[in-house]
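This report refers to the structure that appears directly beneath it.
The values are calculated or read from the model by the stated rules, or taken from the named source; none is laboratory data. All values derive from a computational prediction rather than experimental measurement. Methodologically, a virtual Cβ is constructed for each residue, glycine included, from the backbone with ideal geometry; neighbour enumeration extends over all protein chains shown.
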Amino acid sequence: MSQGDGERTGRATEALRGLPSIAAVTADPAVAEVASGLRPEIVTAVAQQVVERFRRAILAGEAGVDPDQVVPAVREELTRLLRPRLATVINGTGVIIHTNLGRAPVSAETARAMEEAATTYTPLELQLESGRRGGRMEEVSRLMRALTGAEATLVVNNNAAAVLLTLSALCAGREVILSRGQAVEIGGGFRVPDVMVQGGARLVEVGTTNRTYARDYEAAITEQTAALLAVHWSNFRIIGFTAQPSLAALAEIARRRGLVLIEDLGSGCLIDTAPFGLAHEPTVGESLAAGVDVVCFSGDKLLGGPQAGIISGRADLVQRIAAHPLARAVRADKTALAGVAATLRHYLRGDVTETVPIWRMIAAPVAALEARCRAWAAALAAAGDLPVVASRATIGGGSLPEETLESRALAVDAALAARHGLTLPELAARLRAGEPPLMPYVADDRLLIDARTVLPEQDDGVVRALAAALGVA
Ligand SMILES: *Cc1c(COP(=O)(O)O)cnc(C)c1O
């Protein structure tokens, strides 16, 4: 052993001796204060885990391990255990379907339906009329049939699962023809060619990145072909010299050649987006009317419901998909099913712009957003003059890329933040750590809170969060 090693070992032994006993940690007033709501064994277990972490760090020769930090670390860990992490965040980002913030918040009626399903027994697989076993998909199937004409519908965990399951059930061991322009990555590692491999299908790419013609699909068909796949460009655009055959043209080929046309539609919009000043997002009904046999889409994007993957289309194919062994592994639970059904009822009644939060946000008039921002500013007058500025909100969640909605935001510029002793990143960090947490965004040297994505019932929260962060509470 070199002299340096000896010194280090000596220091480590000393540091290890400095670690407090478990009894000392749990008896420390700083720990006892937060431990009062917890079972004593839990407090002991957490203290042991933290002390062990410090011991390993010392033995590993990590610099700056301070035994005095054990008590604060245990206190912090216990505090975190008791604080729900997935409680409310106020979304001031102007991104309506914000994947990092959990995508679509659901309507009050949807939340009630999900709560009821979660906290009671439900006739999930029971026909109440006959007392016999019934399909768990009947309700959603009936609703989707009325809304889109889909013969049958199956709900699974999410759209990634819907696409994987559909390919596995209908195309395993066979070929699937896909345009090169649609061999895309959706995000979060969901790449269409990889999903195809996972589903056991062989990908046959046709055409080019920017232009693919109906004749390209036609020429690639062999006796090994099971399906043509269309993937919606959810989260990007290719503009300029482009060509892609219509769904109707693909459907015609599929029918003539005895193949299945599958579409991964992504968002699963059920209404026309054009009246809101947005580009037209293809709807589920349009896909089915064009002759798509099976369409897959998300529950928590433009549908505005809970996380789910929805598979709609021909009854014989949906049946085959539902019978695949993987269907059981990715099936939706009763709360998601109740939530999807409750969300679909809003479309049945035609009240989505008053009830479904993402559609309320999309439909909100600019004048109303301006008035809310002014009210926030007035309530925060003690913090200084906070201007209301024009902003652009986006749909997000891999839907309608490049499309923006005129909006209004409350702005805090760097000079005003400095008067409160903060830089803009420091102010943003305080807002994120606040109670309630508020997610703003920073652009053009200003911190902005976009009113379009703040739920109206959170207006007080915005004022409280800003007042606390700026120290004028
Ligand atoms: C979002 C999206 C997916 C993934 O859907 P999840 O519900 O997030 O699993 C798949 N395909 C397309 C085209 C999408 O837009």
Review point. Any idea how many residues of the range 284-298 are within 17 Å of Arg145 (Cβ to Cβ), within 13 Å of the ligand (Cβ to nearest atom) and of a type in the set (Gly, Ala, Ser)?
Key: 1
Review point. Can you tell which of Leu81, Leu16, Leu59 is within 30 Å of Asp460 (Cα to Cα) and at pLDDT below 95?
Key: Leu81
Study note, to complete from the structure: Checked against (1) farther than 27 Å from Gly188 by Cα; (2) of a type in the set (Val, Ile, Thr); (3) buried (at least 16 other Cβ atoms within 10 Å of the Cβ), Thr453 satisfies every condition except (1)
Practice item. Collect the residues in the range 202-226 that are aliphatic (A, V, I, L, M) and more than 29 Å from the chain's Cα centre (by Cα), keeping them in residue-number order. Key: Val204, Val206, Ala214, Ala219, Ala220, Ile221, Ala226
Study note, to complete from the structure: Taking first residues from the range 159-187 that are modelled with pLDDT under 95 and second residues anywhere that are part of a helix (DSSP H, G or I), the pairs with Cβ under 7 Å that are 6 or more apart or on different chains are Gln182/Val192; Ala183/Val192; Ala183/Pro193; Val184/Val192
Review point. Could you say which residue among Ser391, Ser312 is away from the ligand (no atom under 16 Å from the Cβ), surrounded by 19 or more Cβ atoms within 10 Å (Cβ to Cβ), more than 16 Å from the chain's Cα centre (by Cα) and not basic (Lys, Arg)?
Key: Ser391
Review point. Pick from the range 157-171 the residues that are farther than 13 Å from Asp264 by Cβ and out of contact with any strand residue (DSSP E or B) (no Cβ under 7 Å at 6 or more places or on another chain): which of them is surrounded by the most Cβ atoms within 10 Å (Cβ to Cβ)?
Key: Ala169
Review point. Would you call Leu164 in contact with a helix residue (DSSP H, G or I) (Cβ under 6 Å, 6 or more places away or on another chain) and within 16 Å of the ligand (Cβ to nearest atom)?
Key: yes
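Taking the conditions exactly as written (more than 16 Å from the ligand (Cβ to nearest atom), more than 26 Å from Arg145 (Cβ to Cβ) and assigned to a loop (DSSP other than H, G, I, E, B)), does Glu205 satisfy them or not?
The answer is no for Glu205.
May I ask you to list the residues in the range 229-245 that are away from the ligand (no atom under 16 Å from the Cβ) and either of a type in the set (Ser, Thr, Tyr) or at pLDDT 95 or above (or both)?
The answer is Thr242, and nothing else.
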Check your understanding: What about Gly199, is it surrounded by 16 or more Cβ atoms within 10 Å (Cβ to Cβ) and either within 20 Å of Gly398 (Cα to Cα) or among the small types (Gly, Ala, Ser) (or both)?
Key -> yes
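Every residue, every condition in (1) touching a residue at least 24 places away in the same chain (Cβ under 8 Å); (2) within 30 Å of Asp351 (Cβ to Cβ); (3) surrounded by 13 or more Cβ atoms within 10 Å (Cβ to Cβ), yes or no:
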residue: Val51; (1), (2), (3): yes, no, yes
residue: Ala57; (1), (2), (3): no, no, yes
residue: Ala60; (1), (2), (3): no, no, no
residue: Val95; (1), (2), (3): yes, yes, yes
Practice item. Evaluate the range 369-388: report whether one residue or more is under 23 Å from the mean Cα position of the chain (by Cα) and either closer than 20 Å to Arg408 by Cα or not in a helix (DSSP H, G or I) (or both). Key: no
Exercise for review: Considering only residues that are small (Gly, Ala, Ser) and surrounded by 10 or more Cβ atoms within 10 Å (Cβ to Cβ), look in the range 367-381 and name the one that is farthest from Pro456 (Cα to Cα).
Suggested key: Ala381
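Looking only at residues that are among the hydrophobic types (A, V, I, L, M, F, W, C) and within 12 Å of the ligand (Cβ to nearest atom) in the range 146-161, which one is farthest from His324 (Cα to Cα)?
Only one residue tops the list, namely Ala160.
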